[in-house]
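K.L.:
Okay, here's the structure, questions in a sec.
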Amino acid sequence: MEQKTKHPFQDSWHSIMNSYGQVFFSKSPVFAIILLIVTFFDVYAGIAGLLAVAISNAMAYFLGLNKYKIVEGAYGFNSLLVGLGIGIYFQPGVEFYIILLLISVMTLFFSVALEGVLGKYGLPYLSVPFLLGIWIVIIGTKGYSALNISERGVYNLNDMYAIGGMTMVRLYEWFNNLAVPESLRIYFKSLSAILFQYHMFAGILIAIGLIYYSRIAFLLSLMGFYTAYYFYFFIGANISELTYSYIGFNYILTAIAIGGFFIVPSRRSVLWVIFLTPLIAITLSSTAYVFSIFQLSVFSLPFNIIVLLFLYVLKFREKDMSKLALVAVQQFSPEKHAYSFNNYLSRFGSLPWIAMKLPFWGEWKITQAHNGKITHQDEWKHAWDFEIVDETDKVYEHDGSKPEDFYCFNKPVIAPADGTVETIINNVEDNEIGEVDVKNNWGNSVVIKHADKLYSQVSHLKKDSIKVEGGQTIKQGELIGYCGNSGRSPEPHLHFQFQSNSAIGSSTISYPISSFIIRKKGQYRFEVSALPGLDQLVSNITTNQMLKDAYHFNPGKKLHFETEQDGEVISHRWKIESDIYNNTYFVCQSTGSKAWFKQIGDVFYFTQYRGKPNTLLYFFYLSSFMVVTAFYQNMQLKDNYPLTVFPNKKWLFLQDFCIPFFKFLKAEYTIKYASLQKGGHERITLTSTATFGRGNKTTGNFAFTIQVTPKGIAQLEINHSGKTIKAINKF
């Protein structure tokens with residue numbers, strides 16, 4: 001069953017709601033409705049704002065602008081602010097609505113133009129179009145006698161009565177008479193001033209919506225405002241600037257933008273919010289003085305200046321700044337930014353930019369590792385020596401008096417990654433056992449360039465065994481030559497290192513192997529992006545074709561599972577799709593839930609899930625969060641889920657407030673390679689668990705059994721809270 005296309009009315013409604021939410025960097029429909037209601041505390045301003053959004057979005061549709069951006073509210077929120085601003089400022093009338101129509105279209109033009117200009121630098125246009133639009137109206141209409149300045153807002157009780165009668169008046173007075181500290185009262189009024197409302201009742205409603213939308217955003221709004229509030233006291237600034245004009249919203253919006261929307265929430269982002277606050281204060285005071293000459297308000301100008309400047313500066317960083325990371329994929333949720341980034345960093349952040357494999361086939365032992373006791377020291381300390389051993393840990397057969405007695409002698413040596421052959425030595429004689437050639441220290445060697453300042457070197461190869469030529473392009477896994485005993489090598493072994501130039505014997509650099517297997521006492525351990533250690537028995541992954549095929553999902557592929565609950569057969573149909581950025585994901589065609597995934601080399605990864613936490617796709621996401629497409633009996637892998645899938649939303653609500661500083665919830669994944677059945681009924685059984693908890697306490701547990709056959713994933717069994725669900729794949 002294919003998903004139905006949304007009705008045009010739904011798109012229009014979403015474009016309006018998202019335009020309201022975008023003012024606070026939100027796509028929450030509940031928060032948007034709260035903001036919509038608040039704008040109608042002044043009915044005529046509310047109407048003007050709503051009309052401005054409708055006009056702007058309709059014109060964007062008419063001009064053929066990007067439909068996704070229109071629905072997202074990207075072209076509507078600046079017009080909304082202009083509509084609210086002039087709706088408060090002027091009395092309604094025919095002349096006013098003509099001006100509203102024209103300036104809404106003009107603001108749209110500003111938005112598109114600034115999107116093109118600032119977008120080239122990867123910067124948002126924020127509320128700059130609003131500033132240009134409202135300044136033009138205020139300046140340009142000074143001589144329009146038909147436009148009358150509004151006197152609304154002077155009699156707030158009359159305005160409240162017009163909205164909801166005496167009930168609304170009493171509610172308004174109750175909120176305004178609350179015994180709250182003056183600073184908190186100003187905070188609420190500053191919140192309301194973002195939507196051109198200037199009373200605490202509106203601010204409290206916005207604060208409630210802000211908490212619902214994002215706990216981090218709410219926390220940041222308080223942090224930004226109170227940093228400014230106490231900075232004013234510290235510096236001796238005029239606190240009435242905050243008290244009477246409520247320009248504190250500049251600090252609130254900057255805190256949310258820098259602390260969690262454009263930058264991943266963290267301790268660093270919070271510290272930058274605090275540090276940037278004095279800059280906002282200075283910018284606000286100076287621009288307010290200049291703009292007063294033209295009888296204009298600065299509105300959100302300081303917020304725009306500081307945020308755009310700071311984001312632009314971050315574009316020029318050359319160091320790794322993962323602790324102050326820009327949001328790569330905008331999810332309109334500081335919590336999701338934090339959870340997704342932290343999870344992604346722990347899983348993929350240490351992955352090398354070029355995936356390196358071990359330079360051999362089969363299993364070898366590391367007889368000298370980094371910081372070795374023999375030769376791997378000082379500037380050559382980041383290197384490995386490999387040999388092959390038997391079950392008794394011997395490196396040779398017979399009496400070991402000849403190179404040919406050693407298991408590794410004349411074994412293939414392969415390219416660790418794609419590259420270009422740079423340097424070759426192929427004519428050094430192999431040593432007799434116990435002898436060394438100090439004149440030709442590295443012996444027969446090959447250096448491969450993989451990228452600028454990233455080269456690999458294999459040494460002590462057999463004389464005349466090298467199968468590549470200088471300048472040749474080589475692929476990962478392609479034969480280079482054979483292990484020998486040339487150079488400073490008393491017995492056959494393979495020397496392997498990474499370096500920053502093409503000269504043989506250059507100083508080494510530390511660079512990880514992307515993925516490999518360690519065998520110890522019959523148990524197998526999978527390592528990702530690690531440095532193999534001394535005495536470890538290591539090998540590259542040997543792919544199992546059945547697992548590889550089962551976990552290979554191309555866009556367009558469809559899967560059909562059936563489950564039985566209470567005697568009723570339920571059908572689950574999934575389709576693999578991809579977006580314009582080539583992100584691939586599963587989509588359940590009945591529930592609309594989605595699960596994004598990556599296939600990196602020999603490993604299948606799920607990255608995020610969106611949808612209800614009780615769908616079969618959700619259980620599949622949990623059960624196969626990370627799968628190595630190789631079978632090693634009893635091999636066990638561990639990983640961590642992003643906390644967005646944590647089942648207890650009450651505890652997750654509390655974690656949201658703390659995630660920039662610390663994490664107390666856990667969401668752990670384990671998978672075990674249980675059995676491989678061969679013969680006529682070939683089958684692989686994998687078992688996995690999803691464990692959720694607080695600290696050391698486990699609060700939830702799922703157990704899964706996955707059956708894989710040559711046809712693919714044949715069955716998924718889910719066990720939770722004493723209940724069992726079996727999903728059968730209808731190939």
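K.L.:
Given (1) closer than 17 Å to S192 by Cα; (2) surrounded by fewer than 19 Cβ atoms within 10 Å (Cβ to Cβ), where does F41 come up short, assuming only one miss?
P.N.:
For F41, the exception is condition (2).
K.L.:
Working carefully through the options Y61, Y68, find the one that is within 19 Å of S26 (Cα to Cα), within 34 Å of the chain's Cα centre (by Cα) and not acidic (D, E).
P.N.:
Y68
K.L.:
State the number of residues belonging to the range 342-382 that are closer than 27 Å to N410 by Cα and among the hydroxyl-bearing types (S, T, Y).
P.N.:
2
K.L.:
Do we have any residue at all in the range 664-676 that's within 24 Å of Q565 (Cα to Cα) and touching a strand residue (DSSP E or B) at 6+ places or on another chain (Cβ under 8 Å)? Steps first, answer last, please.
P.N.:
Just the residues of the range 664-676 that are within 24 Å of Q565 (Cα to Cα), to begin with: none.
Looking through the range 664-676, none of the residues is within 24 Å of Q565 (Cα to Cα) and touching a strand residue (DSSP E or B) at 6+ places or on another chain (Cβ under 8 Å).
K.L.:
May I pose another question? Could you look through the range 394-422, keep only residues that are modelled with pLDDT of 95 or more and of a type in the set (S, T, N, Q), and pick out the one that is nearest to the chain's Cα centre (by Cα)?
P.N.:
For the range 394-422, the residue satisfying everything is T420.
K.L.:
Now a separate question. Would you check if there is a residue in the range 546-553 being surrounded by 17 or more Cβ atoms within 10 Å (Cβ to Cβ) and without any contact (Cβ under 8 Å) to a residue 60 or more places away in the chain?
P.N.:
The first filter runs over the range 546-553 and keeps only residues surrounded by 17 or more Cβ atoms within 10 Å (Cβ to Cβ), leaving 546-547, 550-551, 553.
So of that shortlist, the ones also without any contact (Cβ under 8 Å) to a residue 60 or more places away in the chain come out as 553.
Yes: the range 546-553 contains one or more residues that are surrounded by 17 or more Cβ atoms within 10 Å (Cβ to Cβ) and without any contact (Cβ under 8 Å) to a residue 60 or more places away in the chain.
K.L.:
Of the conditions (1) over 21 Å from I139 (Cβ atoms); (2) under 30 Å from the mean Cα position of the chain (by Cα); (3) surrounded by fewer than 20 Cβ atoms within 10 Å (Cβ to Cβ), A74 clears all except one; give me its number.
P.N.:
(3)
K.L.:
Moving on to the next point. Determine which single condition G505 fails, assuming it passes every other condition in (1) out of contact with any His (no Cβ under 7 Å at 6 or more places or on another chain); (2) assigned by TED's automatic domain parsing to the domain that holds K462; (3) on the phi < 0 side of the Ramachandran plot; (4) surrounded by 13 or more Cβ atoms within 10 Å (Cβ to Cβ).
P.N.:
Every listed condition holds for G505 apart from (3).
K.L.:
Follow-up question, since we're still on this one. Can you report the number of residues in the range 566-590 which are over 19 Å from the mean Cα position of the chain (by Cα) and part of a strand (DSSP E or B)?
P.N.:
The number of residues fulfilling the criteria is 12.
K.L.:
Okay, next question. Exactly one of these conditions fails for T591: (1) among the hydroxyl-bearing types (S, T, Y); (2) in contact (Cβ under 8 Å) with a residue 40 or more places away in the chain; (3) out of contact with any strand residue (DSSP E or B) (no Cβ under 8 Å at 6 or more places or on another chain). Give me its number.
P.N.:
(2)
K.L.:
Within the bounds of the range 137-144, is there any residue that is closer than 22 Å to V327 by Cα, aliphatic (A, V, I, L, M) and surrounded by fewer than 23 Cβ atoms within 10 Å (Cβ to Cβ)?
P.N.:
No; the residues of the range 137-144 include none that is closer than 22 Å to V327 by Cα, aliphatic (A, V, I, L, M) and surrounded by fewer than 23 Cβ atoms within 10 Å (Cβ to Cβ).
K.L.:
Of the residues F201, F196, only one is under 15 Å from I34 (Cα atoms) and modelled with pLDDT of 90 or more; which?
P.N.:
F196
K.L.:
Against the condition buried (at least 19 other Cβ atoms within 10 Å of the Cβ), touching a Cys at 6+ places or on another chain (Cβ under 7 Å), in the same structural domain as V708 (by TED's automatic domain parsing) and closer than 30 Å to Y524 by Cα, how does L617 come out, does it pass?
P.N.:
yes
The values are calculated or read from the model by the stated rules, or taken from the named source; none is laboratory data. On a predicted model such as this, the values are computed, not experimentally measured, just so you know. Positions of Cβ are backbone-derived with ideal geometry, glycine not excepted, and every protein chain shown enters the neighbour counts.
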